[in-house]
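Working notes, structure below.
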Amino acid sequence: MIEIRKLRKQYGSGSRITHALQEINLTIDKGEIYGIIGHSGAGKSTLLRTINLLERPTEGSVFVDGVDLTALSTKKLQDQRRRIGMIFQHFNLLSSATVEENIAFPLRLAGTAKSEARRRVGELLALVGLTEHGKKYPAQLSGGQKQRVGIARALATNPHVLLCDEATSALDPQTTNSILNLLLDINRKLKITIVLITHEMQVIRSICDRVAVIHDGQIVEQGPVAEVFLKPRHDVTRQFIEQVADSVEIDKPDVSGAPAQDGTVLKITFLGETTYEPILSRTVQQTGVTFSILQGTISRMKNTPYGQLVVRLQGPRDAAENTIRLLREHGLDVEVYSNGLV
Ligand SMILES: Nc1ncnc2c1ncn2[C@@H]1O[C@H](COP(=O)(O)OP(=O)(O)OP(=O)(O)O)[C@@H](O)[C@H]1O
Ligand SMILES: [Mg+2]
C-alpha cells in the first residue's frame, strides 16, 4: 500500500517559487492499478517521482508498505527503491547496450550473481514477449518493443510497485493497447501495484481501477473509474471524459415543449452487472407501463459494464411512479427529466 500524506513540493525559492504540489493526500491499495490524470504542468510527474523519492517533497510523507521513505537513510532508501520499478515515456534505455544488458542492468547494480541474472533476464524476456530479441540494440526495435524492454528492466528486481510516467504517450493507439494489456497482465500475474500517470482518459478507462484527477498541484476528484466517469464533479474531469469518443454523458433531451401526455422521461444509469440484467423490462411488465428508448450507451470499463438509457414511460401516473421506485430499489440510478400525465 502507498500512502501519501500532506505532500507539498515547491521548486525554486523567493519570487521564483513554483508550487508544483499543494497538500496531496492519496492512498493506493496493494494490487490495484491507480491512474492519475491531469493536463500538462498539473504536477503528475512530480507526484509520481515523489513516490520513489526521485523528487524529495518539501513537506509531507510517503509510506510504501508501511515504511516512511522520507525518514530513511540513503542506503536504506536505495534498498526500498528496488521494490519500486519505473517506466518512462521515452523508455530511457541505454543505446549502447543490448536488450539483455539493459534488462540486466538493475540486477548488476543489486549485485546479483551472473548465472542468476541470466536466468532472470530469460524469464523477463518471455514475460514481455521479446525472447527472440535479446541480442538486439534499442535502435533496432519499434517503440512498443522498447517499452517492453523498459517494463522488463523495471521488473528485474521483483518490485512490489510499478510507476509509469506517460508510458504509452509516445506510441500509436494499437501499440498503446498492447502495452496496456501487458501492464494488466503483469498486474494480475505478479500482483504488483501499478501507479500510472497520463493525460489520456482512454488509458484510464482501459486498465485502471481507481483514478485521481490532478489540477494545479491538487487532487480535485478521485474514486473508482466507473463512478468518476458516470458522475464527474469537476470541470477538468468533464474535459477529460469528453476526449473519449463514445462519451457516456448523455445530453439532456429537450422535453420542455413536449405535451404533458408524452409521458415520463427518465435517465437510468446502470453500473456493474445490472447492465445486462433485464431489470427495466421486468419492472415495466410488473407495473403495466410501456417504454421507449430515446437515447442510450452501453459499454465497458475494465471489468465493469456500464450504461445510460434515456427512456420515456407511458401509462398511468401511479404506475410510472411505481416503476421509478422499483428501478431505484433494484439499485439503478434514476433521474426524472419530465413527469407528464397520461
Ligand atoms: N525541476 C523543476 N524545476 C522547476 N520547476 C519544475 C521542475 N519540474 C517541474 N517543474 C514545474 O512544476 C509544475 C509541475 O510539473 P510536472 O512536470 O510535474 O507536470 P506534469 O503534469 O508532469 O506535466 P506534463 O504533462 O507536461 O509532463 C510545472 O509548473 C513545472 O513547470
Ligand atoms: Mg510529466
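The table below lists the values:
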| item | result |
| --- | --- |
| Carbon + sulfur, % of accessible area of the chain - ligands and nucleic acids excluded, 1.4 Å | 48 |
| About the Cα centre, charge dipole magnitude for the chain (Lys/Arg +1, Asp/Glu -1 at Cβ), debye | 1540 |
| Positive-end extreme of charge dipole, the chain - chosen from Gly38, Val336, Ser13 (charges on Cβ) | Ser13 |
| Accessible area per residue in Å² at 1.4 Å probe, computed on the range 299-342 | 47 |
| Long-range amide H partners of Gln218 with built H, under 5 Å | Gln22 |
| P(r) histogram, all alpha-carbon pairs of the range 2-243 included - 10 Å bins from 0, percent | 7, 31, 35, 21, 5, 0 |
| Packing-based ranking, highest mean first, of 196-205, 328-337 given that Cβ atoms within 10 Å are counted | 196-205, 328-337 |
| Accessible area per residue, Å², the range 125-199 with all protein chains present, probe 1.4 Å | 40 |
| Over 21 Å between alpha carbons, listed pairs Lys44/Lys231; Lys9/Lys44; Lys30/Lys302; Lys44/Lys146 | Lys44/Lys231; Lys44/Lys146 |
| Cβ-based charge dipole, the chain, positive-most Cα from Leu109, Ile179, Phe91 | Leu109 |
| C-alpha center-to-center spacing [the range 73-102, the range 113-168] in angstrom | 11 |
| Cα lying deepest toward the dipole's positive end in the chain, options Val265, Leu47, Gly223, charges on Cβ | Leu47 |
| Cα-centre dipole for the range 260-339 with unit charges at Cβ (Lys and Arg positive, Asp and Glu negative), debye to 20 | 160 |
| Label-point gap, in nm, between Gln140 and Ser73 - each point 7 angstrom along Cα→Cβ | 4.5 |
| Angstrom value of the Kirkwood radius, inverse mean 1/r, which spans all Cα pairs in the range 260-339 | 12.6 |
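The values are calculated or read from the model by the stated rules, or taken from the named source; none is laboratory data. Everything quoted here is computed from the prediction, not taken from an experiment. In this analysis, Cβ positions are derived from the backbone assuming ideal geometry, glycine residues included, and neighbour counts consider all displayed protein chains. These accessible areas exclude ligands, DNA and RNA; they are computed on the full protein's heavy atoms, side chains included. Shrake-Rupley method; radii C 1.70, N 1.55, O 1.52, S 1.80 Å.
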